[in-house]
Amino acid sequence: MRPVATAPRATGGATDSRGRQSLRSAVREELQLQSRLKSPALPFCICIRQPSDLRSKSSQSRAVISAAFPKRPTQRAAVDSATRTTHSVFCPLTFTAVEMALLQRIAAQSTLRFVPAVSMTLARNASTMAPKLNDPSLLKQNVNYINGQFVPSISGKTFKVTDPSTGELVGTSAEADVDDTKSAIEAAAEAFKTFRTQTGRERAKLLRKWFDLMNENADDIAKLITWENGKPIADAKGETAYAANFFEWFSEEAPRTYGDTIPSSLAANRVWTVKEPVGVCGLITPWNFPAAMITRKIGPALAAGCTVVCKAPGETPFTALALAELAHRAGIPKGVVNIIASLENTPAVGKELTTSPIVKKVSFTGSTGVGKLLMSQSSSTLKKLSLELGGNAPFIVFDDAELDAAVAGAIASKFRSSGQTCVCANRIYVQRGIYDQFVTKFVEKVKAFKVGNGFEEGVTHGPLIHDRAIDKVQKHVDDAVSKGAKLLVGGQALPDLGSNFFQPTVLRDMTVDMAIASEETFGPLAGLFPFETEADVVAMANKSDVGLAGYFFSRDLERVYRVAESLEVGMVGVNTGIISDVASPFGGVKESGFGREGSKYGIAEYQTTKMITFGGMNKPLQS
């Protein structure tokens, strides 16, 4: 279902009766207009969701809808009794265009303020949401990109790619297997022989052209991201620009891969170093940033003079293949960039990349568990590795923080991409003195979110990637509530929108024994933990096996240095909830992996340092 209007929950009271009378009056006016216009009927439904503790008031909510549409039946939906958190009322209706205008008014917060604890969504079938690309040739179906050509898989097998918002088919993609992977590796190895000899300036021009083409086709790239990933189109456009910037950044780094001249301890010797490309690189990328995670790896690899085989995620292959098309147009030599996709064969493809003696470097972004497996497999050939793995980011708000800025930062960090980022705030710690104030402001922001299909105007948050993600969020909510956390907003899936939607959720009074304290949720769930002292919260923040990112808000300069230096993470955001930047080194410590992407350090991950020593250099001038 596709949302067209929403309203946050409101509390009822003495205004209930007046509100219903006002609504009935508005209904009469609108229906009179409708009868004059005779507008055609459109398929829509209206859905009301309520907390279970207000279940007794559901009849009042149904009465509001009945007042507007007295001849339309309502019915209750089945509720999972295990969650004990929600009660839903669904009204399957067919509305005319004029009635839809009325429903928009009903859905407005000012109109619904008298309805007790109601969150209402107007929805319609999302089958019309498939985007139209300006350049349809960017949608590459049933092919991989190997040795400069778009070719089907050797086996002929394909897999389906579905829109996580609607469950509808986006298209089918070629299912690469071990044979396809070997073919791509061989193409990359052959291309490396000549590509490594190009000057940095020559490689820079190729990357710059690819960057320009990404900008020229930014709308289509963003549409593909939203279509197969689900994130709102505004977020997808932001990712597209961010992704393209890696090509620009590394086009500027390519001519500046400097070596060093080193004073020798022996008078007869002269020592210097040169930077050389490591060789063929295997890149394995995730679905949550279908464009940016590819360009952040391919950009520095090509700048260094490497060739690549990129394994695109099975959930989002079409964005990757569109980038391959733009690489082709940019004149990237054949075999330099190879992009393959797989779903069922992902483990086999990964094993081939990590065990092939031809591949000299593997870069992976994904879960810690898979990272450990790939590292183990790579040990057979002692490959150079970059691993950007799972996170469980602490977000700390001290009582001297600028409160509104801290709330905004926490919202941005926690709910970006519906919480499906490795650096999103997973544990939000707020000092006791401002805890209640922070909670109130934070919840107000979350209630203003609009969840729905990413192509719908005004939608702020899209679906999760699949049902397993929904299950994990629900598990964390249920665990926390069962151990004493208080549910303030959300807390349930949104099946009326689609199978992959979950309400942005806020829990307060979290404790360290709850699952969210030690497990990455990767979804739209914010758990708010109170704390007393600086030492206490740093200890809680560091009680984790992973250490990717951490955030805190404070205006005390001494505290800023103390806490930043004490957090066991690879990246720290101080008074900001967004830390990603092409100019900044991205990576973690502990079981969040090693290596850095982006920045001046990113290209070094694809280089080796060769030392050259000249002897016999201490002879006197010849006369």
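The numbered conditions (1) without any contact (Cβ under 8 Å) to a residue 60 or more places away in the chain; (2) open to solvent by less than 10 Å² (accessible area, probe 1.4 Å) are all true for residue 185 except (1). Can you pull out every residue in segment 561-617 that is assigned to a strand (DSSP E or B), in contact (Cβ under 8 Å) with a residue 60 or more places away in the chain and either in contact with a Leu (Cβ under 6 Å, 6 or more places away or on another chain) or buried (at least 17 other Cβ atoms within 10 Å of the Cβ) (or both)? Correct list: 571, 573, 586, 593, 594, 597, 607.
Checked against (1) within 23 Å of the chain's Cα centre (by Cα); (2) of a type outside the set (D, E, K, R); (3) closer than 13 Å to residue 341 by Cα; (4) surrounded by fewer than 21 Cβ atoms within 10 Å (Cβ to Cβ), residue 141 passes all but condition (1).
State yes or no: is residue 458 closer than 19 Å to residue 444 by Cα and free of Cβ contacts under 8 Å to residues at least 12 places away in the same chain? I'd like the intermediate steps shown before the answer.
Details: closer than 19 Å to residue 444 by Cα: yes; free of Cβ contacts under 8 Å to residues at least 12 places away in the same chain: yes.
Criteria met by residue 458.
Being touching a helix residue (DSSP H, G or I) at 6+ places or on another chain (Cβ under 7 Å), touching a residue at least 40 places away in the same chain (Cβ under 8 Å) and aliphatic (A, V, I, L, M) is the filter; apply it to segment 144-176 and report the residue that is surrounded by the most Cβ atoms within 10 Å (Cβ to Cβ). For segment 144-176, the residue satisfying everything is 176.
Out of the residues in segment 454-470 that are of a type in the set (D, E, K, R) and farther than 18 Å from residue 238 by Cβ, which is least open to solvent (accessible area, probe 1.4 Å)?
Pass one, segment 454-470, residues of a type in the set (D, E, K, R): 456-457, 467-468.
Filter once more, so that each one left must be farther than 18 Å from residue 238 by Cβ: 467-468.
Details: 467: 87, 468: 149 Å².
Among those that are of a type in the set (D, E, K, R) and farther than 18 Å from residue 238 by Cβ, it is 467.
The conditions of being outside any helix (DSSP H, G or I) and in contact (Cβ under 8 Å) with a residue 60 or more places away in the chain are not met by residue 223.
The values are calculated or read from the model by the stated rules, or taken from the named source; none is laboratory data. What you see is a predicted model, and the numbers here were worked out from it, not measured in a lab. Quick reminder, even Gly has a Cβ in these numbers, built from the backbone with ideal geometry, and neighbours come from all protein chains shown. Each accessible area value is taken on the protein alone, full model and side chains, heavy atoms only, with ligands, DNA and RNA left out. Shrake-Rupley method; radii C 1.70, N 1.55, O 1.52, S 1.80 Å.
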